[in-house]
1. Just tell me which lysines come within less than 29 Å, Cα to Cα, of K196; anything on the same chain fewer than 8 places away is out.
2. Under unit Cβ charges (Lys, Arg +1; Asp, Glu -1), what dipole magnitude, rounded to 20 debye, does segment 80-121 have relative to its Cα centre?
3. For a quick check: sort S33, S112, S54 by the number of other beta carbons within 10 angstrom, fewest at the front.
4. 222 nm [θ] for the chain, helices only, -39500 (n - 2.57) per DSSP H run of 4+, per residue, to 500?
5. Using 7 Å Cα-to-Cβ label points, what is the R154/K70 separation (nm, one decimal)?
6. Report the one residue of T166, T10, P62 whose Cα lies farthest in the direction of the positive end of the charge dipole of segment 2-196 (charges on C-beta: Lys and Arg +1, Asp and Glu -1; origin at the Cα centre).
7. On the Cα set of segment 2-196, report Rg and Dmax in Å, please.
8. Could you line up W12, W192 from fewest to most neighbouring Cβ atoms inside 10 Å?
Amino acid sequence: MLPLICEINTLWEPVYPHLARHIGEVCGRRAGSVLEVGPFCGVVYDLVRQGIGSSFRIAFFPRGMDTFYKGEIERRSMGDTVEIVETSPDLSGIEDDTIDLLVFRGALFFPSLFKVDHQAILRVLRPGGTAFVGGGFGKYTPPELIRPLADRSRELNYLIGKKETTIDDIRKDLKAAGITENAEVVTEGGLWVVLKKPLEPLER
């Protein structure tokens with residue numbers, strides 16, 4: 001399974017600059033703590049390049065992906081910029097209220113690998129922070145860039161265990177997690193949930 005995950009992460013490398021632009025637009029900020037989560041990480045490198053965020057971490061699972069990410073970071077000479085930490089779908093080891101932008105690609109589509117924990121995502125976000133959770137090429141990736149990799153990407157996703165999901169399924173999950181008021185389902189450039197953690201109320 002790990003070689004397939006590594007392959008799809010590498011395959012998507014041409015997409016990352018365009019997806020990073022989309023994420024930056026949704027996030028609407030240029031500073032703060034950025035965390036990319038899960039097996040499917042890679043857009044963080046282009047968030048660095050585009051100046052979206054001021055500190056950067058990959059929180060990976062499953063176990064064993066650290067070798068791949070260390071190699072990718074070294075290849076980009078980002079060893080002093082991007083940190084790697086091991087976590088789990090409940091974001092163990094990530095402190096509460098510390099993340100300004102969280103990116104979790106593939107989160108909604110691989111139930112055989114993990115179940116996305118929306119409450120955990122909200123927990124680690126700083127008040128005013130944003131999570132970009134889901135999957136897709138993003139609205140700025142050109143079709144001519146998508147075509148050469150679409151078939152292999154679809155095949156790899158199937159082999160890894162991707163299942164189709166619907167907007168209704170996602171809304172049911174958000175309702176079950178009790179966070180519908182903090183979430184927006186976005187279908188432009190894929191299928192995403194944008195979570196916004198509200199600012200703490202002013203003390204009276």
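None of the figures in this text is laboratory data; all of them are computed from the coordinates on show. Computed from a prediction, not measured in an experiment: that's the story for all the values here. Counting neighbours? That spans all protein chains shown, and the Cβs are built from the backbone with ideal geometry, glycine included.
1. Reachable lysines: K115, K139, K162, K163, K172, K175.
2. Numbers: 2 positive and 9 negative charges, 83 e Å.
Value, rounded to 20: 400 debye.
3. Values: S33 18, S112 10, S54 13.
The most exposed by this proxy come first: S112, S54, S33.
4. Helix contribution divided over all residues of the chain: -11000 deg cm²/dmol.
5. 3.7
6. The residue sitting most towards the positive pole is T166.
7. Cα-based Rg and Dmax for segment 2-196 come out at 15.3, 42 Å.
8. Details: W12 19, W192 26.
Ordered from fewest to most neighbouring Cβ atoms within 10 Å, W12, W192 come out as W12, W192.
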